[in-house]
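Here is the structure we will look at.
The values are calculated or read from the model by the stated rules, or taken from the named source; none is laboratory data. Computed from a predicted structure; not experimentally measured. Backbone-built Cβ (ideal geometry, glycine too); neighbour counts: all protein chains shown.
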Amino acid sequence: MSVFTDEGQLRSLEPIEGGKRMARQRMGLRDEFLLAFLPTITVLTVLLFVETLTRQRFLFATLAASAFLIYLDPEHGTNQVRTLVVSQIGAAVLGLLAYWVFGPGYFSGAVAMLAAIAFMILLDVLHPPAASTSLIFAFRAGDDTNLLLFILAVGITAVLVILERGALWMLAAHRRRDQAEKTG
C-alpha cells in the first residue's frame, strides 16, 4: 500500500474514512520545511530556556509533541491556544496532585492520566500530548515541581500557534501572488 493517495497527498494527513473533515493540503517541500521550522525553533528555545534554569529536560518532552501537532495542522481544534494551554496546564496540575496524594509510582500515574483525560473531555480541550504531561508530573521528574517553569514553556508553545497561523497566511498570500503573476 502506498503512503500517497491517488491525488499525491500523504495518507497520514487524510481524515479517516467516513470523516467529514477536509484533508490538510500538502504544500511544496520548501513550504513544508518552512512551516516545520517554527516548531523546531520553538522547541529548541524552550529547551535552552529550561537548560538555563533547571536540569528537567524530560519534563518538557511533551511540548515537542505539541509543537509537531501544531506544525501538522495549526488550524485543527486540538491545536488551538485555549486547548493547548488549558489541557497542558490542567494535566500538569492533576499529575502533581496525584503525586502529592499517592506518591510516585504507577498508581499515581494511572490516576493522573485518567483524571487528565476526563478533564480534557469535560472541558472540551482534547490535546493528546497532555496525557503524557500528567504522567511526567505524577512520576515526578525531580526534586522540585517546575510547574511555573512548565507554565512559561506552555506559554511559549502557545505563541507557536499564532506564529504557525501567520506563516500559513503568508504562504497563502505568496501562492496567490504567484498565481496572479502566472495568469496576469
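Observations
- If you go through the stretch 144-175 and keep only what is within 21 Å of Leu96 (Cα to Cα) and of a type in the set (Asp, Glu), you end up with just Asp144.
- Filter pass, Phe139 being surrounded by fewer than 21 Cβ atoms within 10 Å (Cβ to Cβ) and free of Cβ contacts under 8 Å to residues at least 40 places away in the same chain: no
- Selection within the stretch 121-135 - touching a helix residue (DSSP H, G or I) at 6+ places or on another chain (Cβ under 6 Å) and within 21 Å of Tyr71 (Cα to Cα): Val125, Leu126, His127, Pro129, Ala130, Ala131, Ser132, Thr133
- First in the stretch 65-89 and of a type outside the set (Phe, Trp, Tyr), second anywhere and surrounded by fewer than 18 Cβ atoms within 10 Å (Cβ to Cβ) and modelled with pLDDT of 85 or more, Cβ under 6 Å, 6 or more apart: Thr78/Leu126
- Taken as a whole, the condition of being modelled with pLDDT of 90 or more and under 20 Å from Leu149 (Cα atoms) does not apply to Ala64.
- All conditions but one from (1) touching a residue at least 60 places away in the same chain (Cβ under 8 Å); (2) among the β-branched types (Val, Ile, Thr); (3) loosely packed, with under 15 Cβ neighbours inside 10 Å apply to Val154; the one that does not is (3).
- Filtering the stretch 60-86 to residues that are assigned to a helix (DSSP H, G or I) and charged (D, E, K, R) leaves only Arg82.
- In the set Val111, Val161, only one residue is buried (at least 18 other Cβ atoms within 10 Å of the Cβ), among the aliphatic types (A, V, I, L, M) and touching a residue at least 40 places away in the same chain (Cβ under 8 Å); that residue is Val161.
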